[in-house]
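The values are calculated or read from the model by the stated rules, or taken from the named source; none is laboratory data. Since the model is a prediction, treat every value here as computed from it, not as a measurement. Cβ sites come from the backbone with ideal geometry, for glycine too, and all protein chains shown count toward neighbours. Side chains are part of the model used for accessible areas, which takes the heavy atoms of the whole protein and leaves out ligands, DNA and RNA. Shrake-Rupley method; radii C 1.70, N 1.55, O 1.52, S 1.80 Å.
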Amino acid sequence: DEMATEGYTHPEYLVDVAWLDAHKGDANLVIVDCDPDAAYNRGHIPGAVVVPDNFEKDPNTGRVHLMSPEQFKAMCESLGIGDDSLVIAYDNSQSNYAARLWWALNTYGHANVKVLNGGWSSWIAEGKGVGLERTSAASGTTFTPNRDESLLVKVDDLKEACELGDSVIWDVRSDGEWDGSASRGNKRAGHIPGAIHLEWFNVMDRTTHRFKSAEEIRRMLSAAGITPEKKVYAY
């Protein structure tokens, strides 16, 4: 609904449950469940395909690193995502994984992707249908990866940003990762010097899994010093 995204700079990055329910049968629409396979198997949006558990990663590194262009192309085509597809990404994880797919697709030149605001939680809360059968992806699609390096930041660029007054480094990780009390498998604990800490889920409504209002998010970011005139690097 328009009121829910009023004030957002890019409301077109989101869709709501009512829109998806009305359009879920559209040609060239691919609904992607971004949660782990086990969650998908317990129930999903009818017609949704599921990101394979090796999404974005080398088999040994978790859902952290982007696939190579060849791997990403193969994954998209296995899900029925082609160059003309409108992709709707969702999860039951406050859009954490859905946003990663949104970012990965944009990084590979496919901007025709949106996140379901509220995800699975809102879909169920609004009484929509549940799929239990595994969806067979459309075959014969062609995905052309065009990697956009401007959506990535390299270590040297981040080091330089630490010294610049017009930049802000936003650490979106947990409190334990920030203060070094929980390494979560990282070789080094703690945070980048000068970074601002605001864990990612603070911009989400924990009950509905929807993004908070634009006004509330803007107020929160401004209080943390994350403001529009600055170049923002997130990790």
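Structure notes:
- Per-residue ³J(HN,Hα) for the range 96-110, Karplus 6.51 cos²θ - 1.76 cosθ + 1.60, θ = phi - 60°, Hz, x for Gly and Pro: 4, 6, 4, 5, 5, 5, 4, 5, 5, 5, 4, 5, 9, x, 10
- Placing unit charges on the Cβ atoms only, positive for Lys and Arg and negative for Asp and Glu, gives the range 99-166 a dipole magnitude near 480 debye about its Cα centre.
- By accessible area, using a 1.4 Å probe on protein heavy atoms only, the chain has 51% of its surface on carbon and sulfur.
- Convex hull volume of the Cα atoms of the chain, normalised per residue: 138 Å³.
- Close amide H pairs (under 5 Å, H built 1.01 Å from N) link Val30 with Leu86, Val87, Ile88, residues at least 5 positions away or on another chain.
- Selection from Ala138, Val203, Asn41 lying farthest towards where the dipole of the chain points positive, charges on Cβ: Asn41
- 1.4 Å probe accessible area per residue over the range 115-186, in Å²: 61
- Flagged links, alpha-carbon separation over 19 Å, of Lys114/Lys154; Lys159/Lys231; Lys154/Lys212: Lys114/Lys154; Lys154/Lys212
- Value of [θ]222 nm, deg cm²/dmol, for the chain, DSSP H segments ≥ 4, -39500 (n - 2.57) each, nearest 500: -7500 deg cm²/dmol
- Calculated Rg and Dmax of the range 120-179 using C-alpha coordinates, Å: 21.0, 53
- Positive-end residue of Ile226, Tyr97, Ala111, charge dipole of the chain with Cβ unit charges: Tyr97
- Put simply, the amide H of Met67, placed in the peptide plane, has neighbours under 5 Å in Glu56, Lys57, leaving out anything fewer than 5 places away on its chain.
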